[in-house]
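The values are calculated or read from the model by the stated rules, or taken from the named source; none is laboratory data. Nothing here was measured: the structure is a model prediction, and the numbers come from that model. Cβ sites come from the backbone with ideal geometry, for glycine too, and all protein chains shown count toward neighbours. Only protein heavy atoms, including side chains, enter the accessible area calculation; ligands, DNA and RNA are left aside. Shrake-Rupley method; radii C 1.70, N 1.55, O 1.52, S 1.80 Å.
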Amino acid sequence: MEASVILPILKKKLAFLSGGKDRRSGLILTIPLCLEQTNMDELSVTLDYLLSIPSEKCKARGFTVIVDGRKSQWNVVKTVVVMLQNVVPAEVSLVCVVKPDEFWDKKVTHFCFWKEKDRLGFEVILVSANKLTRYIEPCQLTEDFGGSLTYDHMDWLNKRLVFEKFTKESTSLLDELALINNGSDKGNQQEKERSVDLNFLPSVDPETVLQTGHELLSELQQRRFNGSDGGVSWSPMDDELLAQPQVMKLLDSLREQYTRYQEVCRQRSKRTQLEEIQQKVMQVVNWLEGPGSEQLRAQWGIGDSIRASQALQQKHEEIESQHSEWFAVYVELNQQIAALLNAGDEEDLVELKSLQQQLSDVCYRQASQLEFRQNLLQAALEFHGVAQDLSQQLDGLLGMLCVDVAPADGASIQQTLKLLEEKLKSVDVGLQGLREKGQGLLDQISNQASWAYGKDVTIENKENVDHIQGVMEDMQLRKQRCEDMVDVRRLKMLQMVQLFKCEEDAAQAVEWLSELLDALLKTHIRLGDDAQETKVLLEKHRKFVDVAQSTYDYGRQLLQATVVLCQSLRCTSRSSGDTLPRLNRVWKQFTIASEERVHRLEMAIAFHSNAEKILQDCPEEPEAINDEEQFDEIEAVGKSLLDRLTVPVVYPDGTEQYFGSPSDMASTAEHIRDRMKLVSLKRQQLRHPEMVTTES
């Protein structure tokens, strides 16, 4: 029975040989029962397979069976114990039933095992997992039972599958190799060659089988040789001890037969190569010196156009294709001859070297002629190709110059101008490339007579030279005409770029002025806490206004420039028509808001200056006591300033706009009121000085 046949059952781990042994050196067979119902047929198949692995000597020492019933019911455990009598009656010496901590009725279970002890033929004990070490050493128990023995069921199963597969493949391969090798030893040389035929090739790769065997042997030799903590030395599982000599024996036989097989194949290959080389060398030489040379003598022209050059090149490619087949044979033959020479065999060395030299001389000479002809045709094709590309570039450039430029925006004009410059530059590069290709082709044509086989090609060469020079002169004239037209178009497009740039900058100036207006209304709010701070704010505001004035003047200048450019280009500006009104409108709004800001700051300066003068005057001075008009003036300015803070800025179109938020205005107004209260208190102190004395 093979593991691959019952692989699904073995994967369930219904039972396993962990490699542990009891005190009598008998193997330990573990049956781990689970909560689900155990299939007894599958368990029986598993036990049959496991018991077929150990040797008869090992079986004679008996088995200790551990039935793990901690996760199962008593009736299942009892069924398994009874089944052991039928599956392994003679081999079982002890059955240890591992019971759960709090499960089953002890009296019932003990009674049942005692009753059937004689009938079963082996001793059955009921034991807890922690007391299992009374019967089996801890180092021979797996971790499930508190032991230190490591067991990986899937690893064991995989190794078992590999071993069985290797055994099957190696045995079959040995039979095939023996048949091939034995057949090669019989009869004469012709019989040897017939015996080693493709039909007798091995069905599997010997290298693969050998590698599998070495890996399996290495794995078997490295497992389970570590000592336990208690000092007890472990030995490999019995199935592994049995497998090692089997694998080693099969590997030795395979290496021997495979070495013989390789030698048989080498001798046959050498004999076959020698005969094939002699025949193929003469075939290559005869064709190259005959039909191959005649084909080259018939081809001379280079064509007067790209189509003609392509036709000649296609014809030459057909000739090359025929030669390539023979050159491929030459390369293969040369490699084969070199291999035979390197092998060190003295037989036929002189003949092989002579054949190699003759073959190399003929092939190199013919290849050089083919390469010269191919280079000449390729140069002609490249020249005509560059000429055609340059002609198309000139046609495209002329087409662009003949179409009037419709203004769209500055970016598109810049892109068009860049494209025009690139096309002109591409034409320059193309013309330079045409000159280089033409000169190179002329040089090659002048050297053509060196392998003309005595044929006069002067007339044909003159026609080719005149054609090449005529093409280069015509392209030079066409390029010069396009350059003149490009200069005119470039000037016009640069003016368009400047026009759109002015329009964009003018629109940007409007945006900047709008942002300045927005900043004036939202951030220029404070009126200062004293006269000095207010004066500083007024000076900053004037500088701010100067910036806005510069922005406005810049926008006006740009719009004036667009008008001049439009007149020069005889076109209508798209954006200047509505940009100027927008610029004037924003500037008018900024001017109104700025003037309102100046008025408020000037009133604040007057208010703070007078208030500070009153508050800083000494109360003993008589002129301060009688200056009632100054107090009235401060109060009037403060009230006017408070009233002005509540009034919005009114634009010419009737829209209104406040400085800052209501909370900002309230904070400013509160500060002014506080100042007014201090001035009022000062006024009362000057009128009634006795009140100050009393309070003090």
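Are any residues in region 652-668 surrounded by fewer than 16 Cβ atoms within 10 Å (Cβ to Cβ) and under 15 Å from LEU641 (Cβ atoms), and if so, which ones?
Answer for region 652-668, where residues must be surrounded by fewer than 16 Cβ atoms within 10 Å (Cβ to Cβ) and under 15 Å from LEU641 (Cβ atoms): ALA666, SER667.
Of the residues that sit in region 299-349 and are among the hydroxyl-bearing types (Ser, Thr, Tyr) and without any contact (Cβ under 8 Å) to a residue 40 or more places away in the chain, which one is surrounded by the fewest Cβ atoms within 10 Å (Cβ to Cβ)?
SER321
Can you name the condition, by its number, that LYS639 falls short on among (1) in a helix (DSSP H, G or I); (2) at pLDDT below 80?
(2)
Specify the residue that is modelled with the highest pLDDT; the eligible residues are those in region 198-229 that are closer than 17 Å to GLU263 by Cβ and open to solvent by 30 Å² or more (accessible area, probe 1.4 Å).
GLU207
Which of the residues belonging to region 410-435 are loosely packed, with under 15 Cβ neighbours inside 10 Å and either of a type in the set (S, T, N, Q) or not in a helix (DSSP H, G or I) (or both)?
GLN415, GLN432
Let me confirm something: among VAL80, VAL45, VAL87, which residue is among the aliphatic types (A, V, I, L, M) and open to solvent by less than 10 Å² (accessible area, probe 1.4 Å)?
VAL80
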